[in-house]
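Encoded as structure tokens, the structure appears first; notes follow it.
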Amino acid sequence: MSQKASRAGARTTAFAVTLLLAAGALPAAAEEPVPPDLGFTVGARVSAAFPMGSVLSDPDNGPLLIDELVAISIPIQVDFGLTLHRRWFVGAYVQYAWDFLQIDQCKVGQSCSVSGLRLGLQATYAFRDHGGPWAGLGTGWEWMFTSYASADFTTRLDVAGWEYAIFQGGWDVEVSPGWRVGPWVSGSVGEFSRASLGVDGRTSETAIPNRAVHGWLQLGVKGSFSL
């Protein structure tokens, strides 16, 4: 083999080795950056909520069912907390709800309103790093505010109590890095233990002697952003 042919073969070999090295480096360069193990997450939810159970149990007149008062509720919720190892979320929630009374609960000439407030702690676990199914558990305190007013009287009844457990789950879709959106559902179990009754400006507070179990079934959409 001539010296010229040897030099050409050496150049060809060097070129081939360079291509192989470049090809081997491409997958590493294309890898997505690994998210940090600890981050901050904020989210918002909107849903339709359906009441279950009773406000209280009256031995003489029977239970006061929530769905006798409220037809449907529209809650808006804010979540904030820490994301651990890209899958665990541990934080707090605050929810305010506009409740719609049953048609026969507000008489002609009256002004009526019902609303709710919930706050507490929660933890959720995502089964995948970049969207997919998730499940969680929460607990907290709940208030329900009821007001009736007319030209002759003003009555306000507020009840409050502990929500022992809020079971929740859903499916997240990662629309861009850090941003997720998807459907969710939850069911809660709790009791009202305190009541505040106001009549024409005079207010009295008392413990509810005959407690009853109640809950809310919520169906909605959740969005979140993680830093």
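The values are calculated or read from the model by the stated rules, or taken from the named source; none is laboratory data. Just so you know, these numbers come straight off a predicted model, no measurement behind them. Glycine also receives a Cβ, built like all others from the backbone with ideal geometry; neighbour counts cover every protein chain displayed.
Summary of computed values
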{"read-out": "From the options ALA151, ALA123, ALA207, residue that is surrounded by fewer than 16 Cβ atoms within 10 Å (Cβ to Cβ), over 25 Å from the mean Cα position of the chain (by Cα) and more than 28 Å from SER57 (Cβ to Cβ)", "value": "ALA151"}
{"read-out": "Output for the stretch 195-222, where each listed residue is at pLDDT below 95, assigned to a strand (DSSP E or B) and not aliphatic (A, V, I, L, M)", "value": "SER196, GLY198, ARG202, THR203, SER204, GLU205, THR206"}
{"read-out": "Which numbered condition ALA160 misses (of (1) surrounded by 15 or more Cβ atoms within 10 Å (Cβ to Cβ); (2) small (Gly, Ala, Ser); (3) touching a residue at least 40 places away in the same chain (Cβ under 8 Å))", "value": "(3)"}
{"read-out": "Single residue of ALA151, ALA165 found to be outside any strand (DSSP E or B) and out of contact with any Cys (no Cβ under 6 Å at 6 or more places or on another chain)", "value": "ALA151"}
{"read-out": "Restricting the stretch 101-118 to residues that are of a type in the set (A, V, I, L, M, F, W, C), farther than 22 Å from LYS222 by Cβ and assigned to a strand (DSSP E or B), the residue that is modelled with the highest pLDDT", "value": "VAL114"}
{"read-out": "Residue count for the stretch 96-127, restricted to those that are under 20 Å from VAL185 (Cβ atoms) and touching a residue at least 40 places away in the same chain (Cβ under 8 Å)", "value": "9"}
{"read-out": "Identity of the residue in the stretch 65-113, of a type in the set (Val, Ile, Thr), under 17 Å from ALA48 (Cβ atoms) and over 15 Å from the mean Cα position of the chain (by Cα), that ends up surrounded by the fewest Cβ atoms within 10 Å (Cβ to Cβ)", "value": "ILE72"}
{"read-out": "Counted residues, the stretch 210-225 - those being of a type in the set (Val, Ile, Thr) and within 15 Å of the chain's Cα centre (by Cα)", "value": "1"}
{"read-out": "Candidates GLU191, GLU163, GLU174 - the one that is of a type in the set (Asp, Glu), within 24 Å of the chain's Cα centre (by Cα) and under 17 Å from PRO75 (Cα atoms)", "value": "GLU163"}
{"read-out": "Flag if TRP184 is within 23 Å of VAL70 (Cβ to Cβ), surrounded by 13 or more Cβ atoms within 10 Å (Cβ to Cβ) and under 15 Å from the mean Cα position of the chain (by Cα)", "value": "yes"}
